[in-house]
1. How far apart, in nm, are two points set 7 Å out from the Cα along the Cα-to-Cβ line at ALA107 and at ALA147?
2. Can you name the helices of the chain, as whole DSSP H runs, whose Cα span along the helix axis is 27 Å or more and whose Kyte-Doolittle mean is not below -0.5?
3. Using the Cα centre as the reference, give the magnitude of the dipole from point charges on the C-beta atoms of the chain (Lys, Arg: +1; Asp, Glu: -1; all else neutral), rounded to the nearest 20 debye.
4. Looking only at ASP87, ASP155, ASP71, which one moves most when the chain is put into a Gaussian network model with springs between Cα atoms under 10 Å?
5. How much accessible area per residue does the chain have, in Å², with a 1.4 Å probe?
6. Please report, as a whole percent, how much of the solvent-accessible surface of the chain comes from carbon and sulfur atoms (probe radius 1.4 Å).
7. Taking only DSSP H segments of four or more residues, each worth -39500 (n - 2.57), what value at 222 nm results for the chain once the sum is divided by all its residues, to the nearest 500 deg cm²/dmol?
8. Could you state the orientation-averaged shadow area of the convex hull built on the Cα atoms of the range 76-202, in nm² to one decimal?
Amino acid sequence: MSPTTAKTPDVSRRSERSRQAILRASMELVGEVGYPKLTIEAIAARAGVGKQTIYRWWPSKAAVLLDACTDAATGDGHDSGLPDTGDVEADLKTVLRATADEFSDPAFEAPYRALAVAAAADAELAEQFLVRLREPGLQAYTRRLRAGQEAGQIDPDLDLGLAVEILLGPFQQRWLNRSGPLTHEFADSLVELAMRAFAPRP
């Protein structure tokens, strides 16, 4: 094949393949060895790239994991909204049950917990963790509660930001402290308790 007919390598496609391989490797390895033993060298070896390739795109293993978790949370098929069937309590139960399943899945739990722990000691990472991973979810809950207000199912004077914290705070606390299982029964109980507090006043 002559030089004029040979295909030029698609550098952007090759770079994206490498990027995805690195993100997958970081998620797999942190589940296998834990965050303290996770290294850039190990990620590079698993992904089949040189470690300088990783350092060209990310400053640390925490940054790699943050991108990996962000991609997992916002990738193809991800729906950033909550269902709206007209029954806000049923919709909240559906979503919190699914969240309990996700947070109990080792493939998700290990990298997400690693980021949460690392963020506790790194203010910049904590801010990025909040903005990229937590805020979108909190906003989705806020929108659903606002729709519940408009439908007359939620107190119209309720502080929605505080309401979301009241609903999700015990869930996050149980997960972080490993103080109990994240069951569907626990999720339902949280929603039922919260809805009694959120209901319109007589």
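1. With each label point 7 Å from Cα toward Cβ, the separation is 2.8 nm.
2. 11-33
3. Computed about the Cα centre, the dipole is about 1020 debye.
4. ASP87
5. 58
6. Answer for the chain: carbon and sulfur cover 53 percent of the accessible area.
7. My calculation for the chain gives -22000 deg cm²/dmol from helical runs alone.
8. Result: a mean projected hull area of 8.4 nm².
The values are calculated or read from the model by the stated rules, or taken from the named source; none is laboratory data. Just so it is clear, the structure is predicted and the values come from calculations on it, not from any experiment. Note: ideal-geometry Cβ built from the backbone for every residue, glycine included; neighbour counts use all protein chains shown. Each accessible area value is taken on the protein alone, full model and side chains, heavy atoms only, with ligands, DNA and RNA left out. Shrake-Rupley method; radii C 1.70, N 1.55, O 1.52, S 1.80 Å.
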